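Everything below concerns the one structure shown next.
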């Protein structure tokens, strides 16, 4: 560990199938007793909690090796107890952190962390990349039809490029590993480039699916026409038979 980095300890929440990015508000449902205790400890202190995804969704009793080592320190904005004993919590990511160790055997989960440093890129390079990214995401939204145009409008109004990139990643239908890969890219330029490559790949898939749907639709229309004509012929032949 770099001598300039300070090791800090915070309550910890292992997440199933979710990656929370800095500056993004995210709802979570928490059921594990130690996770609930970790949230209570956070609320009793400075409301800070460390979040990181576990590698296997089904793992009920994860260890250090079962958790991704890059996570997010977040602020607990709201905590609500639900009737079934679970807790609904609203968190807002603060910054990316490197998790050095997780204490699973204590009364509640705790993690030792250091914040991740990033290198600033040339502003001109970032501006060009951001414009390209937004253009790509616009095409992605039009093809996916799962994201409302209002989301695109709200994203284009974000001034902070880092937050914009993470917001786009949040709204995309990506596998957990891909979401985690984006979280682990603390430097902005490679993160934008990586996300652009992902969007381009998704657009290619959407376009292939669109072509296949078009071919299937034409084939169905052809089959329906043939069926209709066959039924007409049968009706005519029946009429002719009745006349005879």
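The values are calculated or read from the model by the stated rules, or taken from the named source; none is laboratory data. A quick note: this is a predicted structure, and the numbers were derived from the prediction, not measured. Here the Cβ positions follow ideal geometry from the backbone for every residue, glycine too, while neighbour counts run over all protein chains shown.
Observations
- Applying the criterion of at least 3 residues that are farther than 20 Å from residue 68 by Cα and not assigned by TED's automatic domain parsing to the domain that holds residue 69 to the helices (runs of 4 or more DSSP H) found wholly in the range 102-196 leaves 123-144, 149-156, 161-171.
- Across the range 37-68, the number of residues qualifying as crowded, with 20+ Cβ neighbours inside 10 Å and within 22 Å of residue 107 (Cβ to Cβ) comes to 8.
- When we screen 159, 107, 127, 166 for residues that are touching a residue at least 40 places away in the same chain (Cβ under 8 Å) and out of contact with any helix residue (DSSP H, G or I) (no Cβ under 7 Å at 6 or more places or on another chain), the only hit is 166.
- Residues of the range 190-221 satisfying the condition of being under 22 Å from residue 128 (Cβ atoms), surrounded by 12 or more Cβ atoms within 10 Å (Cβ to Cβ) and either without any contact (Cβ under 8 Å) to a residue 40 or more places away in the chain or over 18 Å from the mean Cα position of the chain (by Cα) (or both): 190, 191, 194, 198
- Search result, residues across the range 25-36 that are surrounded by 16 or more Cβ atoms within 10 Å (Cβ to Cβ) and within 17 Å of residue 88 (Cβ to Cβ): 26, 28, 30, 32, 35, 36
- Residue 139 fulfils the conditions (1) in contact (Cβ under 8 Å) with a residue 12 or more places away in the chain; (2) within 18 Å of residue 25 (Cβ to Cβ); (3) touching a helix residue (DSSP H, G or I) at 6+ places or on another chain (Cβ under 7 Å) except for a single criterion, (2).
Condition check ((1) in a loop (DSSP other than H, G, I, E, B); (2) in contact with a strand residue (DSSP E or B) (Cβ under 8 Å, 6 or more places away or on another chain)) across all residues:
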position: 11; (1), (2): no, yes
position: 17; (1), (2): yes, yes
position: 26; (1), (2): no, yes
position: 34; (1), (2): no, no
position: 51; (1), (2): no, yes
position: 56; (1), (2): yes, no
position: 59; (1), (2): yes, no
position: 62; (1), (2): yes, yes
position: 65; (1), (2): no, no
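- So residue 14, is it under 17 Å from the mean Cα position of the chain (by Cα) and either in the same structural domain as residue 184 (by TED's automatic domain parsing) or surrounded by 15 or more Cβ atoms within 10 Å (Cβ to Cβ) (or both): yes
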